[in-house]
Each structure stands twice: as structure tokens, then as C-alpha cells.
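The values are calculated or read from the model by the stated rules, or taken from the named source; none is laboratory data. Predicted model only: the values in this text are computed from it and were never measured. Here Cβ is always computed from backbone atoms with ideal geometry, including for glycine, and neighbour counts include all displayed protein chains. Note: accessible area is taken over every heavy atom of the protein model, side chains too, but ligands, DNA and RNA are not part of it. Shrake-Rupley method; radii C 1.70, N 1.55, O 1.52, S 1.80 Å.
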Amino acid sequence: MPFFSAKVPTSYEGESRLDAYIASLPNGMNRSKLKSGVTELLVNGKRVKLSFKVKAGDQIDLQWEDSIPDDIEPQDIPLDILYEDDDVCVVNKAQGMVTHPACGNWDKTLVNALLFHWNKESIPFLKEGSANEILTRRRPGIVHRLDKDTSGIIITAKNRNAEEFLQKQFQSHKSVKKEYIAICMGRPQHAQGVIRTRIIRDPKNRKRFRAVPLDEDTSFGGEGKFAQSTYRCIACYGEYSLMKVRIQTGRTHQIRVHMKYLNCPILGDSVYAPKDRLFPSCTLMLHSSRLRITLPKGERKTFKAPTPERFLKILKTLHSQFKKVKKD
């Protein structure tokens, strides 16, 4: 999402509306674009409106949404399809692919690829209406999602009835079993366990989330949402751990936040983990490896995605440099 910053010169005289001042700058934005595209507007670190009067010395920071295209276009992007029938399509999503169009990623998403694969027409972007209506239109067939840099299994719906059927399962969290593998930095204190916390947005960094104990006061970051993950350490290699994680809830960044909560952040996580000396260029080592779910026709199925090449390369190095230790 684009950002813009400017400081009002100390020599500036008088007061001007914020939108008028920004529009007057050589690299500024016109008032109509400001009105339609700005998502956050801060002056001296505080949220303000476009009508705010700026004065000498004020620090202006804003972020805006790129122009939304008119349509979601089908795009010929290769997909690794694990299973498909008349109702669903199960994909082994590649790392780096965004699940559905959103700010900063309006095309080349899984949705664009699926529209092409299903021989569907372009879908007009809904730009007005409730937030729920807009999001629903932007993610046809998507009933759950994976972060951009998380690879692995994702199930999609090919018709509205299938979409509603799958959504009910994901909302209840009772019949869906999702399992991930992760290579983490550090060793967990226990070989296995259940993590139950609330997850809140980090008040110091709006792009991050934090796990806090259920009894901790979170008034500074909002009430947060309950999150539960079950983990098992498969093996340790020096100060690295290979983990299996199952999630009983589906919060944003849940596994990444919970592994950091264990003091075992996921290797290659640019948001929650420090840069690693042994693997400085590795990407996020998190993969959705197994999904068990009931299909619309009533059949209970388990889908598995093979271990990605990036995992195999890291594990080969770990095997060569450290003794494999089973965690007790």
C-alpha cells in the first residue's frame, strides 16, 4: 500500500486545510484522489480528517489504496491441482501467490488463476456497498486463505452451494482438520502442547499481531480474538526445530504469532523473526501440508501436499551440520 510523508516547513504562515495543502505540493495528490483513496491519515501521529487545518512544523503521514481496477480478470497462471470435482478444487498454492485481490495485489492471485482454469468471465469489482459485500465479490470461491508466503493446501468452491457448505465447516472449526509443517528458530520447552491465547494487533506496529495470555489486560490493543493451536516438535537440529502445527481457529498470522509466543519464530519470517545467520536469504518456512474436510457430496476426504523443495534444501543442510535430536 503506497505511503506519503511530508513536513510543513517552519516558515509556513497561516493555516490550510490538509487536503488543499497536500494538493499544492509538487508531489502531492489531488483532492478527489485523496477523498476516494486514503485509508489512513495522520498529523503528528494522530488520526485526522481531510478538513484538518495544518500549520508550520506539522508532520503529515498518509497511506492510500491504489486505484481499483474495473474487473477481476481470468489469468493463465499455472496451478498445482491436487483434486477437483464439480463442486471443489483443491490447490497446492505456491509460495508468493496471494489468495485473492486486495490492496497492492489486484491481479496474479489465486482467484485470477481459478477464473481462467474454470473458463469463467471477468468479474466486475464492487466498489460501493457494505464491506462484507465488497470482500465477497473480490474472493469468489475462497472459503479460507493462506498468507502470501505460506504454501500448501487450499480448498476452493466452484459454485455458491459448495461455497456455503464449506464456509459452515470453517466457521464451526469442528470438522475441518488443518495441519502445517514449519521449520523454526529455537527449541520449544516441551515436545508438544496446546497454545491458547488471544491475538491482538500490535499497538506499536499495525502490520503485526501479538499473542497475549487469556487473562492479560489487552485494553491497549483491543480485546483481541481467541486463538488455539496444537503443536508437536518432530525433531531438533542444533537451535532449529521441525514442527507440526494444527490450528483449531483461523486467525490472521496465527501460527506465525503462536510460534513466536513459544520463542520459536518461524525461520524466514520477515515480520516475526530475526534474520538468521545460517540461512539469511531463506523465505517463510511454513507449509499447509494436510487438510481433512467433508465435501459437499458428503464424502470425508484427506488431502496432502508434498513437502516443498525449499524445506528439503534447508533440512538437508540441517542434517549435514547438526545431530538430529528427538524432543522428549
Practice problem: For the chain, set up a Gaussian network in which alpha carbons nearer than 10 Å are linked by springs, and say which option among 207, 174, 275 fluctuates the most. | Solution: 207
Quiz item: Of all the accessible heavy-atom surface of the chain, with the other protein chains kept in place and a 1.4 Å probe, what percent is carbon and sulfur?
Solution: 48
Self-check item: C-alpha long axis of helix 309-321 to longest principal axis of the chain, angle in °
Solution: 70
Exercise. Treat every Asp and Glu Cβ in the chain as -1 and every Lys and Arg Cβ as +1, leave all other atoms uncharged, and give the resulting dipole magnitude about the Cα centre to the nearest 20 debye.
Key: 1360
Quiz item: Any idea what angle helix 160-172 forms with the longest principal axis of the chain, computed on alpha-carbon atoms, 0 to 90 degrees, nearest 10?
Solution: 80
Practice problem: Using only alpha carbons, build the gyration tensor for the chain and give me the equivalent ellipsoid semi-axes, biggest first, whole Å. | Solution: 38, 28, 19
Quiz item: If eta is 0.692 mPa s and T is 37 °C, what Stokes-Einstein diffusion coefficient results for the stretch 247-328, Kirkwood Rh from Cα pairs, in µm²/s?
Solution: 215
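Would you kindly give the portion of the calculated P(r) for the stretch 134-264 that falls above 19 Å, as a percent of all Cα pairs? Intermediate results must be reported in sequence, preceding the final value.
On the way: 4795 of 8515 pairs.
Everything past 19 Å amounts to 56 percent.
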Quiz item: Residues with beta-carbon under 11 Å from that of residue 185, excluding residue 185: net charge, scoring Lys, Arg +1 and Asp, Glu -1?
Solution: +1
Quiz item: If we count every other residue with Cβ under 14 angstrom of residue 169's Cβ, Lys/Arg +1 and Asp/Glu -1, where does the sum land?
Solution: +4
Quiz item: Can you tell me the accessible area per residue over the chain, all protein chains present, probe 1.4 angstrom, in square angstrom?
Solution: 54
